[in-house]
Amino acid sequence: MGAPLSRYQVVIKLPIPTAKPIPLPPIVLPLPTEGLDVEGSEILTHNDGTLLYKDKRVIIHIRDATSHLPRFHLANCATLVEMKHAGRFERYVVSNQEDGYFHIRMGSSSLQQRKLPVCQNCLDRLRWKGFSIETMSSSFRKTVVDNFSIKEFFFKYPHSLHKVLPVYSDGSASKNEYPTNWDEISSELRRQLGYVCQSCHLVVGEKNKRFLHVHHLNGIRMDCRVENLKCLCISCHANQPMHDQMKFTSEYTEFKNKFRPDKDDQY
């Protein structure tokens, strides 16, 4: 494993990630209602805008969330297009759940079922019952979201008759977790890059290496290819999508006082 970084004129070589062994779940013929991990490229868009997995209409959602409860998606909406462009589409799992409850992990908590709201951009994409973000008031849109029925959706856009052989469900699949040797990988990357932030180029130094994080660009913690990793000071890391919570930690405050005492936070 290795990749050249022209700025530093070095070739980075990192330890190979190791993971906890995962027992294979039993094979189930129908698509399990609790969800299924799939490759992003396997999720297709029907001519009507709905999402397909192996000729079966599906719903997708983010299983491993951070500080915000995610929404579930019915169509190839503006949100999904943005996530694909950002390289973060692999975080979604596939489901045909109809009661509105999905398997979710919030931060480091255990897997639990939570009721999720439907994505408004999806409703807009499908023009569900005339739904329009541009012309409807926010209060009226909220009413439509609160009263949205997945069963009604699948009545209008029926499931395919094809059967699927899933490998993992979102209840049994591997958690989006760091490899068991993550500390070794992270330490080695920071060392080889000279403890420098690759975004703002701040020289943090070995003594203050706790302020230099290693960020996964696509959000998949097990994907430790050099091209998917970036050394960021905690300030630059906190400015990444869905990382705002870092700005409220004592470590962030300590870093700002030590390295940037005269700069205000830009939220």
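No value in this document is a laboratory result; all are computed from the given coordinates. Small disclaimer: the values here were computed from a predicted structure and weren't measured. No Cβ is skipped: glycine too gets one built from the backbone with ideal geometry, and neighbour counts run over all protein chains shown.
Quick notes
- If only the Cβ of Lys and Arg carry +1 and only the Cβ of Asp and Glu carry -1, the dipole of region 36-156 around its Cα centre is close to 240 debye.
- Exceeding the 27 Å Cα-Cα cut-off - candidates K54/K230; K13/K247; K13/K256; K230/K256; K54/K142; K142/K247: K54/K230; K13/K247; K13/K256; K54/K142; K142/K247
- For T45, residues with placed amide H under 5 Å, excluding near neighbours: L52
- Charge tally in the Cβ shell below 12 Å around N147, where Lys, Arg are +1 and Asp, Glu are -1, N147 excluded: +1
- Relative contact order of region 36-156, defined on C-alpha pairs under 8 angstrom at six or more residues apart (%): 25 percent
- Overall form of region 67-133 per C-alpha gyration tensor (a/c, 1.5; a/b vs b/c): oblate
- Residue among T79, Y101, S137 farthest towards the positive dipole end of region 36-156, charges placed on Cβ: S137
- Residues C231, C236, C200 in ascending order of nearby Cβ atoms (within 10 Å, fewest first): C200, C236, C231.
- Residue-by-residue Karplus 3J(HN,Hα) for region 83-97, coefficients 6.51, -1.76, 1.60, Hz, glycine and proline x: 5, 4, 5, 7, x, 10, 6, 5, 6, 7, 10, 9, 8, 10, 4
- Residues K54, K209, sorted so that the one with the fewest Cβ neighbours within 10 Å comes first: K209, K54
- Stretching the chain fully between A78 and S109 yields a gain of 8.2 nm (0.36 nm per residue, less the alpha carbon separation).
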